[in-house]
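To keep things clear, I will list the structure first and then write my remarks on it.
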Amino acid sequence: MMTIEIIQGDITKLHVDIIVNAANTSLLGGGGVDGAIHREGGPEILEDCRKIRNRQGSCAVGEAVVTTAGNLSAAYVIHTVGPKWNNGVSNEAEKLENCYINSLKLAEELGVKSIAFPNISTGIYGYPKQAAAEIAVKVVKEYSSSLLDRVVFVCFDEANFTLYQKLLE
Ligand code: AR6
């Protein structure tokens, strides 16, 4: 049985097996939660990201890749690339769904039990928070895993925290 939790705070401080990053296709870091993860996790994460780039090039929107978590307490960081909001005309919903699905699948392949997600795409990428939260909750609720037993939604801002509480009550 997979339990779903909501926490308000900084994802880099969480004690879970996997922290998910809302990255960009370059995998080379950025602002928001991506900036925080690289800052707190240290340079080993970027080193791994560069290796992945050398192997496969950039990371497509909706896809997910895994690196070390460096100095973070997690075992791994999964980097997934959310869609930029484009008024809903660029299959953003499907792309966002894929971020959650592909991250969960990768976590299972890694054989871990717990994973924490930020509110992918709802910051710099401008995805409407309500719609994004509905997708995140739907995908996680529908995902059946024999291995994962804890999924945490880490909400940084009050608005997302309130939305997730309503959706999961
Ligand atoms: N812990 C948890 N959540 C956080 C943290 C944190 N430390 N910091 C911010 N958030 P964003 P995006 C929340 O902008 O919209 C980067 O430059 C934030 O409040 O980090 O997917 C990448 O490199 C929001 O709810 O990611 C890309 O270029 C959520 O994390 C681009 O931003 C996502 O906001 C990706 O944009």
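The values are calculated or read from the model by the stated rules, or taken from the named source; none is laboratory data. Predicted, not measured: the structure shown is a model, and the values here were computed from it. Note: ideal-geometry Cβ built from the backbone for every residue, glycine included; neighbour counts use all protein chains shown. Accessible surface is based on the protein model in full, side chains and every heavy atom, while ligands, DNA and RNA are left aside. Shrake-Rupley method; radii C 1.70, N 1.55, O 1.52, S 1.80 Å.
Side notes on the structure shown:
- A count restricted to region 74-108 and to residues that are within 12 Å of the ligand (Cβ to nearest atom) and open to solvent by 50 Å² or more (accessible area, probe 1.4 Å) stands at 3.
- Residues of region 150-167 satisfying the condition of being away from the ligand (no atom under 11 Å from the Cβ) and either more than 18 Å from the chain's Cα centre (by Cα) or under 10 Å from PRO118 (Cβ atoms) (or both): THR162, GLN165, LYS166, LEU167
- Cβ-Cβ contacts under 9 Å between residues 6 or more apart (or on different chains), taken from a first residue in region 5-17 that is more than 12 Å from ASN119 (Cα to Cα) and more than 9 Å from the ligand (Cβ to nearest atom) to a second residue that is open to solvent by less than 20 Å² (accessible area, probe 1.4 Å) and in a helix (DSSP H, G or I), are listed as ASP17/ALA107.
- Selection from region 141-169 of residues that are assigned to a loop (DSSP other than H, G, I, E, B) and open to solvent by 10 Å² or more (accessible area, probe 1.4 Å): TYR143, SER144, SER145, SER146, LEU147, ASP149, PHE156, ASP157, GLU169
- Leading residue by the ranking (nearest to THR80 (Cα to Cα)) among those in region 29-39 that are open to solvent by less than 80 Å² (accessible area, probe 1.4 Å) and not β-branched (Val, Ile, Thr): ASP34
- Picking from residues in region 113-130 that are farther than 18 Å from ASP34 by Cα and touching a residue at least 40 places away in the same chain (Cβ under 8 Å), the one that is least open to solvent (accessible area, probe 1.4 Å) is SER114.
- All of GLU109, GLU134, GLU97, GLU158 fail the test of being under 16 Å from ALA22 (Cβ atoms) and not polar (S, T, N, Q), apart from GLU97.
- Tally, over region 109-132, of residues that are closer than 24 Å to SER145 by Cβ, more than 6 Å from the ligand (Cβ to nearest atom) and in a loop (DSSP other than H, G, I, E, B): 4
- Pair list, Cβ under 7 Å, 6 or more apart: region 51-74 residue more than 19 Å from ASN102 (Cα to Cα), other residue open to solvent by 20 Å² or more (accessible area, probe 1.4 Å) and part of a loop (DSSP other than H, G, I, E, B): SER73/HIS15
- Residues being open to solvent by less than 10 Å² (accessible area, probe 1.4 Å) and touching a helix residue (DSSP H, G or I) at 6+ places or on another chain (Cβ under 8 Å) - total across region 51-73: 4
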